[in-house]
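Contents: one structure, followed by commentary.
The values are calculated or read from the model by the stated rules, or taken from the named source; none is laboratory data. Remember, it's a predicted structure, so these values are computed and weren't measured experimentally. Counting neighbours? That spans all protein chains shown, and the Cβs are built from the backbone with ideal geometry, glycine included. Areas reflect the complete protein model, heavy atoms only, side chains present, ligands, DNA and RNA absent. Shrake-Rupley method; radii C 1.70, N 1.55, O 1.52, S 1.80 Å.
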Amino acid sequence: MKLPWVAFFLSICVYGLVNNSLLAFTLDEMWTVSVSSARETAQKEKKDVLLNFTGSDWCQFCIQLDKEVFGKDDFLKSATEHFVLVKLDFPKDATKQSAEVVQQNAEWQKNLAVEGFPTIALLDSEMRPYAFTGFREETADQYLAHIESLRATRVARDDALAKAAKAEGTEKAKLLDEALESLDQQVVETYYVDVINEIVSLDPDDAVGLRTKYNESQERELQRSLLSDIAMVARLKSPEVAVQFIDEAISAVKMAPATQYQILLTKLDLFRKMGQSQQAEAIIDDMMKIEGLDAIDLQKLIVKKALLMFGDKRQADAFEMLDQKIKELAPNQQLWLAKGEMLVSQGEFPKAVEAFDGAIAAIGDDGELLALLVGAKADALVEQGEAELGLLTIDQFVDQPRWASIVRAEALLHKALILRTTDRRRAAILAENKAVEIAESPQDKAQIQRLVDQLRRRFDQPK
């Protein structure tokens, strides 16, 4: 009489085992390699599509992301509620993939302009991208929350688009603008040109300012394309041809100050390659007149001009210009630094130390630049026979906890280099060990340890 109950109990256990087995199998098969089938599923089930561009057998961040996030059961169960998951793999050994998969992956890489791995593209069911992301140092739950927040931008987009479909004129333009506002600007400019054009057409007189807004957006895209073309011409053609191309581009296209700065910077490098220092100086003078140039960029341009003059055997003119600009400008630490380095190149170490002190006094809260200046001053002191004072200068910087630990650690490595070049190996090793010790994050410690290893290989190898 009890056998039916036993059979029932066994059937439950067997069902549980089978169900668990099926669940494991399902989780293992939640990633598809077919974009077309993913699209069909997404449209049928009203889901989005997640494309994972990965290098499964060579890309360390891809492997880590797969292990710590994409391979976790909890992530897969939750993510597949809203996404169809597609793995577009680019392994070293592509022979394990079918020709169709290789071709498909290459086409989608080209379509979405994917250059780095891993790249995660989020698309709606019509395969229009709405967000891109990549590797993040996060748990599976945190990464899931991240892509859900990105999906929320698509939901906001669709809500605004639905309202826009029922509106007309500038009201519709404003709703379309609202739809695009939730998305990343670069995504909008690349994948929503049709919506941009509609917005512009709905605001022909710029009544609500959207025509101007999106025309500027299209101009930015044009200028990005122009910068890319100029970079390619400068790389592949002769400097003379590249300069002519730049001049024609400048005369044909109205450019934003930032774009103009980048183009003239390229032209400057071309003149330097041709050895035409006077033309290069004239370019720098033009760059200094660009509207909105910040103080740091202005200092860098002055330094470039001084170095051109210095290299053209016009050292006195270079120092005179730097001294004048130092008096006129604040901040001026980059100018002091350049003056000090030029004095070092002439062997005028006491004057160089004075210049570095001038830069240090003007430095403010830039710890990285201060470390550079302290190191330069220490080197100048060593050259003039005051090594102990140079080492003390570095120690005083390192002892200030207000500066980032990685910057202080790098300063200690500078100290170690001075100690090794003055045959004080034991003291150098202590400085190197302390540098590794004070670096805080695992990444910083690893970086400092690599530099320490390079120093020791250089100086401790058998002679």
Residues that are closer than 27 Å to Gln186 by Cα and in contact (Cβ under 8 Å) with a residue 40 or more places away in the chain, drawn from region 91-104: Gln104
When the residues of region 255-280 are filtered to those that are within 23 Å of Leu298 (Cβ to Cβ) and basic (Lys, Arg), which remaining residue is modelled with the lowest pLDDT? Arg272
Could you look through region 234-269, keep only residues that are touching a Ser or Thr at 6+ places or on another chain (Cβ under 9 Å) and assigned to a helix (DSSP H, G or I), and pick out the one that is most open to solvent (accessible area, probe 1.4 Å)? Ala234
Test of understanding: among Gly390, Gly347, Gly367, which residue is under 33 Å from the mean Cα position of the chain (by Cα) and either at pLDDT 90 or above or closer than 28 Å to Pro331 by Cα (or both)? Gly367
Being open to solvent by 20 Å² or more (accessible area, probe 1.4 Å) and either within 20 Å of the chain's Cα centre (by Cα) or of a type in the set (D, E, K, R) (or both) is the filter here, so list the residues in region 111-131 that pass it. Ala113, Glu115, Gly116, Phe117, Thr119, Glu126, Arg128
Odd one out for Lys313, checked against (1) in a helix (DSSP H, G or I); (2) open to solvent by 30 Å² or more (accessible area, probe 1.4 Å): (1)
Can you tell me which residue among Ala258, Ala280, Ala234, Ala295 is of a type in the set (A, V, I, L, M) and over 25 Å from the mean Cα position of the chain (by Cα)? Ala280
Those residues that are open to solvent by 50 Å² or more (accessible area, probe 1.4 Å) and under 22 Å from Met127 (Cα atoms), I need them from region 42-76; list them, please. Gln43, Lys44, Glu45, Lys46
Let me confirm something: among Leu301, Leu308, Leu293, Leu335, which residue is out of contact with any Phe, Trp or Tyr (no Cβ under 6 Å at 6 or more places or on another chain) and not in a helix (DSSP H, G or I)? Leu293
